[in-house]
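Here the structure comes first, spelled out in structure tokens, and everything after it is commentary.
We did not get these values from a lab; they are worked out from the coordinates using the rules stated. Since the structure is predicted, the reported quantities are computational estimates derived from the model, not experimental observations. Note that we place each Cβ from the backbone using ideal geometry, even for glycine, and neighbour counts take in every protein chain shown.
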Amino acid sequence: MKEDTDLRKDFPILNQEINGKPLIYLDNAATTQKPQAVIDRLSDFLSKENANIHRGVHYLSMNATTLYDEARTCVANFINADHDDEIIFVRGATEAINLVARSFCNERLEPGDEILITEMEHHANIVPWQLIAGENGSRVVPAPITDEGETDLDQFESLLNERTKLVAFVHVSNALGTINPAKEMVEIAHRKGIPVLIDGAQAVAHQEVDVQDLGCDFYVFSSHKIFGPDGLGVLYGRKDLLNKMTPYQGGGDMIEIVSFDGTTFRPSPERFEAGTPNISGAIGLKAAIDYVTNIGWETIHKKESLLMNHANKLLGEIPSIKLVGTAENKVPVLSFTIDSAHPHDIATILDTKGIAVRAGHHCAQPLMKRLGLSATTRASLTFYNTVDEINQLTETLKEICALFES
């Protein structure tokens, strides 16, 4: 296990200046930076091992196939899937949700049926369901959240009925940091025989995920949210469900036999991985997972709890700052507003100090509307951030408050 003081050194991008100031990267909910171990693994593969996978009989192709298969096994172990072939590689969590919408829901939905989500969802867990619903006369129903940013479980359960054909909710809110009681929500839905998809894009970098313990039917996440390359995502699905689903795309590698009279498809995972996959991305994701596993969840939780508690204390002492999303159980995501200051202006001023945050609706416009806001400024933290960075963020925010109050 790495010592806490060594972790920041593993990320070369952090060792630079922006606008003449040392970079303080607090936009980890948008994408995480990549450790040297991931950069080196990608470089080694592309410079020494690159080849297309499957069917090749030459050394490079067979080796690349082995590496790709090892990446799938690594992901399966990381989230405790029961089988390697329950892991589908796609382009991102968004594509994974669209795949389930098209291949699982589209054939199950009839006019009047419902898909239950929550008010805190990212657009990626709203729009795909709306597209499907618009085609077959079903509808998307949002479960309410509290003013603190937590799912109202009583309301959630009350909205489940014989018309509900799927429940889909975010494990961790990208805009608020709220950790949903995912296992309990799955159990509530399953008691009524309703399958569940969990959007884990914001969860996998902050906490251990065990899909068998959660009991969910589908779980999705993106590589770039957990220190891996972008352009790669993961769909976990129960094997019995995946092999009954219609392929999402057609092409090479997902077929058994093709003729002009018709085509038969391979079982999961190949039936959902048409064409040449993101081979280097999968190998890079394995390197990222190995890196996180080597650090250990205990170290990650300890560091992130320290940072979040420190940030909550300091920002809470500034009268002009209003923290948005105060759930008791959350990851280190701090959304806030400042009286009389637009979130984009706040982010722009912070950037002049080398501090990278995000401002806007965070692809969660319905959530912003529920909270009576158009946007927030968001500082999202991870284990390579430091207490000193939080101190510098706070001092700059005090200057911004003074500026807009004058």
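Most tightly packed first, judged by the mean number of other beta-carbon atoms within 10 Å of their residues, the peptides 353-364, 316-327, 170-181, 119-130 read 170-181, 119-130, 353-364, 316-327. Note on the stretch 7-41 and the stretch 262-334: Cα centroid distance 15 Å, given to the nearest whole angstrom.
Residues Met254, Met62, Met308, arranged from fewest to most other Cβ atoms within 10 angstrom of their Cβ, appear as Met62, Met308, Met254.
Computed from backbone phi, the HN-Hα couplings of the stretch 59-68 come to 4, 4, 5, 5, 5, 4, 4, 4, 5, 5 Hz, rounded to whole numbers (Karplus: 6.51 cos²θ - 1.76 cosθ + 1.60, θ = phi - 60°; Gly and Pro given as x). Magnitude of the charge dipole for the chain, about its Cα centre and with charges confined to Cβ atoms of Lys, Arg (+1) and Asp, Glu (-1), is about 520 debye.
When the C-alpha to C-alpha distance is required to be over 27 Å, the pairs from Lys34/Lys353; Lys192/Lys244; Lys34/Lys313; Lys48/Lys244; Lys330/Lys398; Lys21/Lys313 that qualify are Lys34/Lys313; Lys48/Lys244. If the reach is capped at under 14 angstrom between alpha carbons, list the aspartates and glutamates near Lys322, excluding any in the same chain fewer than eight residues apart. Straight-line reach from Lys322, under 14 Å: Asp147, Glu148, Asp339. For the stretch 133-150, backbone phi angles converted through the Karplus equation (6.51, -1.76, 1.60; θ = phi - 60°) give residue-by-residue couplings of 4, x, 8, 10, x, 8, 8, 9, 10, x, 7, x, 10, 7, 5, 7, x, 10 Hz, Gly and Pro being listed as x. Bridging of Lys239 to aspartates and glutamates at a Cα separation below 13 Å is possible for Asp82, Asp84, Asp85, Glu86, Asp217, Glu270, once same-chain residues fewer than 8 apart are set aside. Using C-alpha pairs under 8 Å with a sequence gap of at least 6, the mean separation divided by the residue count of the stretch 228-380 gives a relative contact order of 15 percent.
Listed by Cβ neighbour count within 10 Å, with the fewest neighbours leading, Met185, Met245 appear as Met245, Met185. Treating each Cα of the stretch 230-347 as an identical point scatterer and summing with the Debye formula, the log10 of I(q)/I(0) at q = 0.12, 0.14, 0.23 Å⁻¹ comes to -0.76, -0.84, -1.24.
About its Cα centre, what dipole magnitude does the stretch 173-245 give when the only charges are +1 on Lys and Arg Cβ and -1 on Asp and Glu Cβ, stated in debye to the nearest 20?
240
Note: relative contact order over the stretch 178-258, using C-alpha pairs below 8 Å and six or more positions apart, is 22 percent.
In a simple Cβ point-charge model (Lys, Arg +1; Asp, Glu -1; nothing else charged), the stretch 273-346 has a dipole of about 140 debye relative to its Cα centre.
All other residues with a Cβ under 12 Å from the Cβ of Leu403 taken together, and with Lys, Arg as +1 and Asp, Glu as -1, what is their net charge?
On the way: positive: Lys398; negative: Asp339, Asp345, Glu399, Glu405.
Net local charge, Leu403 excluded: -3.
Taking a sphere under 14 Å around the Cβ of Pro343 and counting the other residues whose Cβ falls inside, with K and R at +1 and D and E at -1, yields a net charge of -1. Over the chain, what portion of Cα pair distances is larger than 37 Å, expressed as a whole percent? Summing the P(r) of the chain above 37 Å gives 26 percent of all pairs.
Ordering of 220-233, 84-97 by packing is 220-233, 84-97, highest average first (other Cβ atoms within 10 Å, averaged per residue). Between Glu148 and Lys313, the modelled label-to-label distance comes to 2.1 nm, taking each label 7 Å out from Cα in the direction of the beta carbon. The stretch between His301 and Lys322 holds 5.0 nm of extra length on full extension. This uses 0.36 nm per residue minus the Cα-Cα distance.
Footprinting exposure proxy ranking of Cys401, Cys216, fewest other C-beta atoms within 10 angstrom first, gives Cys401, Cys216. A cut-off under 13 angstrom between Cβ atoms defines the neighbours of Lys48, and their net charge, with Lys, Arg +1 and Asp, Glu -1, is -2. In plain terms, the bigger the Kirkwood radius, the slower the diffusion; for the stretch 83-173, with that radius from Cα pairs, at 20 °C and 1.002 mPa s, Stokes-Einstein puts D at 155 µm²/s. Dividing the helix sum by the residues of the chain, where each DSSP H run of 4 or more adds -39500 (n - 2.57), gives a mean residue ellipticity at 222 nm of -10500 deg cm²/dmol.
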